[in-house]
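The values are calculated or read from the model by the stated rules, or taken from the named source; none is laboratory data. This one's a predicted model, so the numbers in the text were calculated from it and none came from an experiment. Using ideal geometry, Cβ is built from the backbone for each residue, glycine included, and neighbour counts are taken over all protein chains shown.
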Amino acid sequence: MTNDARTPVTVLTGFLGSGKTTFLQQLLQNEQWRGTAVVINELGETALDHLLVQHVSPHVRLLKSGCVCCSVREDLTQTLSDLNDLRQRKEVSFDRVVVETTGMADPLPVTHTLMTHETLAPTFRLSGTVTVVDAFNGLATIDHHEEARRQVATADAVLLSKCDLTPRSTRDRLEKRLSLMNPSAAMLRVAHGALSPDDHLVLDHLDHPYPAWRPKVSSSPKASSWLFMASTGRKASLFDGSHTSHTADIQTLCLTASEPFEEQPFQHWLSLLTAMRGEHLLRFKGLIHIAEKPDRPLVVHAAQHLVHPPLALPAWPGPDRRSHLVFITQGMDPDVIERTLHKFTGSLAVPEVL
């Protein structure tokens, strides 16, 4: 948040060949990102990405021992701790960090480590997850690779790369698909490896507690959207009927509740849901009307087994005071969410129809 003095960490992910490193090179030349330390994870014996970035960021660290989402978490923890030690000794200077994952990484274990590790959490905070999607090849990549689907489903912002090389019809179809996969993510277009200046403002404010209050100057679609840009109907599969059923395992469920929730039963329900079904809950975001605090909506986030500390906003962002809940799940019956929410809280949340 804006009043959090800890160093922000942005997780940059995206499937193989999506253009992460090219985008990172351009990003680091932006004035707001020049004081950035970079941690790059690469697969294979010969690492090149860090050499491509090193000329624009002097503080680059390389993790070579495998995929950062599994075996490298200890290395990541040590690397960030070492960087902080060097900063305290005034041997380096940086005010933010970017962690670039491999193209095959699941970003959730990385974000979990950043938020919960006893060494890192007091010094570093997760700013957000940014996923780069190749606009030209993205449809096929999402169809055939679960890693790519999970990268999109867990993103705070999705960057469409290579837009200058992609036919408009292909880009429009991809954007529609991505909106079904993650209706709460800002969607920004990248051309020639770079964002527009306006879209940089959106990227700079990913960790704002309520994204609708981020700068609304972007011309890209959904740059300031959040919970309300969901697909119509009870639930949305990532894939329409023209695609094979084995790829339709990630779903989005958008619920609205007109009556306020009592805070303790709601928090108890969410804790149990993440404890019992966390492996199927890729992402949850909610703007919750709490009966005990009717004028201060509660922003709630969860990912897998982790529930983030809730944040009470100073006021409602608009006249709509309903609770809005967005779930991105994998291999989970949406009825479980609706049924247990009603059972534990007594409130009825219905599928959102826009």
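Observations
For every residue, the table says whether it meets (1) hydroxyl-bearing (Ser, Thr, Tyr); (2) more than 14 Å from residue 139 (Cα to Cα).
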{"site": "155", "(1), (2)": "no, yes"}
{"site": "163", "(1), (2)": "no, no"}
{"site": "166", "(1), (2)": "yes, no"}
{"site": "170", "(1), (2)": "yes, no"}
{"site": "174", "(1), (2)": "no, no"}
{"site": "178", "(1), (2)": "no, no"}
{"site": "181", "(1), (2)": "no, no"}
{"site": "192", "(1), (2)": "no, yes"}
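- Number of the condition not met by residue 341 [criteria: (1) in contact with a Lys or Arg (Cβ under 9 Å, 6 or more places away or on another chain); (2) at pLDDT 90 or above]: (1)
- Residues in segment 151-159 include none that are more than 16 Å from the chain's Cα centre (by Cα) and on the phi < 0 side of the Ramachandran plot.
- Any hit, segment 118-136, residues being touching a strand residue (DSSP E or B) at 6+ places or on another chain (Cβ under 7 Å), surrounded by fewer than 21 Cβ atoms within 10 Å (Cβ to Cβ) and of a type in the set (Val, Ile, Thr): yes
- Residue check for residue 314: touching a Lys or Arg at 6+ places or on another chain (Cβ under 8 Å) and assigned to a strand (DSSP E or B): no
- Against the numbered list (1) assigned by TED's automatic domain parsing to the domain that holds residue 127; (2) in contact with a Lys or Arg (Cβ under 9 Å, 6 or more places away or on another chain); (3) part of a loop (DSSP other than H, G, I, E, B); (4) modelled with pLDDT under 85, residue 66 comes up short only at (2).
- Those helices (runs of 4 or more DSSP H) of segment 111-214 in which at least 1 residues are β-branched (Val, Ile, Thr) and at pLDDT 90 or above, considering only elements entirely within it, cover 138-144, 146-153, 168-181.
- Restricting 177, 168, 149 to residues that are free of Cβ contacts under 8 Å to residues at least 60 places away in the same chain and either among the charged types (D, E, K, R) or over 21 Å from residue 26 (Cα atoms) (or both) narrows the list to 168.
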